[in-house]
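Novice: This is the structure, below, for whatever I ask next.
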Amino acid sequence: MKHNNASVLLSVHDVKVAYGGIQAVKGVSLEVREGELVSLIGSNGAGKTTTMKAITGLLPLGGGHIQLAGKTIDGQGPWDLVQQGLAMVPEGRGVFTRMTIVENLQMGAYIRDDQAQINADLERMYSFFPRLKERLGQLAGTLSGGEQQMVAMARALMSRPSLLLLDEPSMGLSPKMVETIFEVIRQVSEGGTTILLVEQNARLALQAAHHAYVMDSGLITMSGPASELLNDPQVRVAYLGE
């Protein structure tokens, strides 16, 4: 399942980001290869979400470069990036609360006009998340946190991204719901979508990933195959609560 010889889809090179006057990211470099699920783990305040916001153009770079499929994307906004195949599920979900579930999912496909394929993808989302199918006409704002996370993930997938960024998908969810979300992340990865996952739950993130990076105080401190990091004594003590 490892794609060592696959080409690099996302390249983050020496990226720095200042946030509220603080140097939150101090020169981060990482790579995500096509077909891989790459996890970025680290404690709260390590700079993981700031890194994601820099990649998606939500925060300006204070230095460094970001490339998507070999093209520099520094300074481009989320709108431009979706059209180039990058979709993000932000921390805190960000669903359209006054729209129904099905309207949210259709918004995910706004850059597409292949209606038959869109309908097929909607059915695929309902197979991932049967609970959404039961509630298609319900306003997203009335759903539980876990259901909103399902909507946010399904909406991002509706753009058929070549790269899916997930920021803290398990945050605030019940253990059962976390299991469901991670099962879908695995299925989406196995279906060929490249994923960069930022996740507080280091164990789940490392179990799901091919490759992983550990971030601490705005810097990458370790990286390697996820299975190796999962068994690393330092990682086990610092992030797996052992």
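The values are calculated or read from the model by the stated rules, or taken from the named source; none is laboratory data. Not measured: the values here are computed from a predicted model. We place every Cβ from the backbone using ideal geometry, glycine too, and count neighbours over all the protein chains shown. The accessibility values were calculated without ligands, DNA or RNA, using every heavy atom of the protein model including side chains. Shrake-Rupley method; radii C 1.70, N 1.55, O 1.52, S 1.80 Å.
Novice: Applying the selection to the stretch 52-84, what residues are outside any helix (DSSP H, G or I) and crowded, with 17+ Cβ neighbours inside 10 Å?
Specialist: Hits for the stretch 52-84 are T56, G57, L59, L61, G64, I66, L68, I73, Q76.
Novice: While we're on this one: So in the stretch 86-119, with the set limited to residues that are charged (D, E, K, R) and part of a loop (DSSP other than H, G, I, E, B), which one is surrounded by the most Cβ atoms within 10 Å (Cβ to Cβ)?
Specialist: Among those residues, the one meeting the criterion is R93.
Novice: Filtering the stretch 120-157 down to residues that are farther than 27 Å from V198 by Cβ and among the basic types (K, R), which residue is most open to solvent (accessible area, probe 1.4 Å)?
Specialist: Among those residues, the one meeting the criterion is K133.
Novice: Okay, next question. For the stretch 183-195, give me the residue count where each residue is under 20 Å from Q148 (Cα atoms) and either within 12 Å of the chain's Cα centre (by Cα) or not hydrophobic (A, V, I, L, M, F, W, C) (or both).
Specialist: Final tally of qualifying residues: 6.
Novice: Same structure again: Keeping to the stretch 175-216, report how many residues are more than 21 Å from S127 (Cα to Cα) and either open to solvent by 10 Å² or more (accessible area, probe 1.4 Å) or part of a loop (DSSP other than H, G, I, E, B) (or both).
Specialist: 11
Novice: Looking only at the stretch 217-242, which residues are among the polar types (S, T, N, Q), over 21 Å from the mean Cα position of the chain (by Cα) and surrounded by 15 or more Cβ atoms within 10 Å (Cβ to Cβ)?
Specialist: Scanning the stretch 217-242 gives no hits.
Novice: Would you please name the residue that is most open to solvent (accessible area, probe 1.4 Å), looking only at residues in the stretch 1-36 that are of a type in the set (A, V, I, L, M) and more than 24 Å from T72 (Cβ to Cβ)?
Specialist: Among residues in the stretch 1-36 that are of a type in the set (A, V, I, L, M) and more than 24 Å from T72 (Cβ to Cβ), the one most open to solvent (accessible area, probe 1.4 Å) is M1.
Novice: Quickly run through the stretch 21-53 and pick out the residues that are out of contact with any Ser or Thr (no Cβ under 9 Å at 6 or more places or on another chain) and over 19 Å from P169 (Cβ atoms).
Specialist: Hits for the stretch 21-53 are G21, I22, Q23, G27.
Novice: Also: Every residue in the stretch 109-153 that is out of contact with any helix residue (DSSP H, G or I) (no Cβ under 7 Å at 6 or more places or on another chain) and of a type in the set (D, E, K, R), please.
Specialist: D113, D114, D121, E123, R124, E134, listed by residue number.
Novice: Mind checking which pairs have a first residue in the stretch 92-116 that is within 22 Å of S170 (Cα to Cα) and a second that is of a type in the set (K, R), Cβ under 6 Å, 6 or more apart or different chains?
Specialist: I101/R135; N104/R155; L105/R155; G108/R155
Novice: Could you say which residue among S7, S43 is closer than 17 Å to I195 by Cα and out of contact with any Leu (no Cβ under 7 Å at 6 or more places or on another chain)?
Specialist: S7
Novice: Something else: Give the residues of the stretch 158-172 that are crowded, with 21+ Cβ neighbours inside 10 Å and without any contact (Cβ under 8 Å) to a residue 40 or more places away in the chain, sorted by residue number.
Specialist: S170
Novice: Hey, can you tell me all the residues within the stretch 154-183 that are among the polar types (S, T, N, Q), touching a helix residue (DSSP H, G or I) at 6+ places or on another chain (Cβ under 7 Å) and more than 21 Å from Y110 (Cβ to Cβ)?
Specialist: S170, S174 - these are the residues of the stretch 154-183 that are among the polar types (S, T, N, Q), touching a helix residue (DSSP H, G or I) at 6+ places or on another chain (Cβ under 7 Å) and more than 21 Å from Y110 (Cβ to Cβ).
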